[in-house]
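What follows is a single structure, written as structure tokens, with notes after it.
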Amino acid sequence: MAVIDNAIYVDGRRVASPQTLARTSEALAEHGGFAWIGLYRPEPVQLNIIAAEFDLHPLAIEDALLGHQRAKLERYGDTRFLVLRPARYVDSVETVEFGEVEVFTGADFVIAIRHAEAPNLALVRHRLESAPELLTRGPLAVLYAILDRIVDDYEPVVVGLENDIDEIEVQLFTGDPTVTKRIYDLSGEVMEFLRAVRPLNAMIASLRDDLENSYGKDPDILELRRSFRDIQDHVIQMVEKIEEFRQTLQNALTVHATLVAQRQNETSLAQSEQTKRISSWAAILFAPSLITGIYGMNFVHMPELAWPLGYPLALLTMVAFAFGLYRVFKSRNWL
């Protein structure tokens, strides 16, 4: 079902649960308070009903329908439109999955649209319904709770990525041929994660300014501003950590390229040494082969054939020539 929950809250308590989206504004007018609607992959007709009920801007509705938006905060009159990018680490395949949540907030409504299985915003609703003192602060308190849940869900992703990077550092020095692709894939996930988290800092800062400008020194609002500040601190720490991941992976690529070049040089050097060694022995064997080749031509008139010392002299010449070449090549470390 696209409509996960639809409720009216007054003084932190659920007072009505409209059966249809079209009756939400009617129930809101009857009871007061604010409406909180939770949707999961709604159809265009449902979003159009909500747009008509709460006077939502067509461009924001179009973004909510299309999905695949970057994390952002936009304002259309008194309505805020936020796009949030939740993430979860899938340990079985060691990868990060990204979702999308769009949130509309106004003076008397919150509309949360989820496009993926995570996060489970029903848990956020249950948490707030069990803490009516927070729910009395209105739609921005709901927005705070949604942001808090999404940022908390980032923590396992950070841990998972950190473990993957530690494994890569081991793979680098063991010659694992799959490490290049893994570094490339992990770099893409880290960049996508950074694009999801980094905009939250400015978004939360803007929301805190809105609270200060609109409500002044109201004690409840001051407490809510502190709550947003706590989320912002977590976001800043995460951005710093993710930036470290990105730099580590860049360094890993550099180290990997250096190790590959070093191994190639070592291979080339080994091949060169082998070539020198083969060439040296070939040259050493060439001299005896030349002499024996000459005397094996079977010419009739060869004066050396009649010398009594011809044979030992030929053997001595072959040995001396081969020994001389051996000493030369040995002195040059070719052998």
Inset, instruction - Please list 186-197, 139-150, 21-32 highest first by mean number of surrounding beta-carbon atoms within 10 Å per residue. - result: 139-150, 186-197, 21-32
Inset, instruction - Please turn the phi angles of the stretch 137-148 into ³J(HN,Hα) values with the Karplus equation 6.51 cos²θ - 1.76 cosθ + 1.60 (θ = phi - 60°), one per residue in order, whole Hz, x for glycine and proline. - result: 7, x, x, 5, 5, 5, 4, 4, 5, 5, 4, 4
Inset, instruction - Round to the nearest 10 and give me the degree value, 0 to 90, for the angle of helix 310-331's Cα axis relative to the longest principal axis of the chain. - result: 30
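Using only alpha carbon positions, build the gyration tensor of the stretch 1-121, then give the equivalent ellipsoid semi-axes as the square roots of 5 times its eigenvalues, largest first, whole angstrom. Let's see the in-between values first.
On the way: eigenvalues 137, 54, 33 Å².
Computed over the stretch 1-121, the values are 26, 16, 13 Å.
Just to be sure I understand: of the beta bridges DSSP finds with both ends in the chain, what percent are antiparallel, rounded to 5? Please list the in-between numbers first.
Numbers: 28 of 34 bridges.
About 80 percent, rounded to the nearest 5.
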Legend entry - Amide H within-cut-off set for V3, under 5 Å, with H built and near neighbours excluded: Y40
Legend entry - Note, ³J(HN,Hα) from phi for the stretch 234-248, Karplus 6.51, -1.76, 1.60, rounded to Hz, x at Gly and Pro: 5, 5, 4, 5, 5, 4, 4, 5, 5, 4, 4, 4, 4, 5, 4
Inset, instruction - Pop out the ³J(HN,Hα) list for the stretch 94-107 in order, Karplus 6.51 cos²θ - 1.76 cosθ + 1.60 with θ = phi - 60°, rounded to Hz; leave Gly and Pro as x. - result: 6, 9, 10, 9, 10, x, 8, 10, 10, 10, 9, 10, x, 5
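Where only protein heavy atoms count, and the probe is 1.4 Å, what is the accessible area per residue for the chain in Å²?
Working: 18390 Å² over 335 residues.
Solvent-accessible surface per residue comes out at 55 Å².
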Inset, instruction - Name the long-range amide H neighbours of A16: under 5 Å, sequence gap of 5 or more, or other chain; modelled H, no Pro or chain starts. - result: I8
Legend entry - Rh by Kirkwood over Cα pairs, then Stokes-Einstein D for the stretch 79-183 at 1.306 mPa s and 10 °C, µm²/s: 100
Legend entry - Point-charge dipole on Cβ atoms (K/R +1, D/E -1) for the chain, about Cα centre, debye to 20: 1880
Inset, instruction - Restrict the search to the stretch 85-158; then list the GluC sites (Glu not before Pro) that DSSP places in a loop and that have at most 12 other Cβ atoms within 10 Å of their Cβ. - result: E117
Legend entry - Placed amide H near T79: partners under 5 Å, 5+ positions off or other chain: none
Legend entry - Solvent exposure, largest accessible area first (probe 1.4 Å, DNA, RNA and ligands not counted), of V101, V15: V15, V101
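Where does the chain land on Rg/Rh, using Cα atoms and the Kirkwood Rh? Please report the intermediate quantities before stating the final value.
Values: Rg = 38.5 Å, Rh = 25.7 Å.
Radius of gyration over Kirkwood radius for the chain works out to 1.49.
The values are calculated or read from the model by the stated rules, or taken from the named source; none is laboratory data. As the structure is a prediction and not an experimental result, all values here were calculated from the model. As a convention, Cβ positions derive from the backbone with ideal geometry for all residues, glycine included, and neighbour counts pool all protein chains shown. The accessibility values were calculated without ligands, DNA or RNA, using every heavy atom of the protein model including side chains. Shrake-Rupley method; radii C 1.70, N 1.55, O 1.52, S 1.80 Å.
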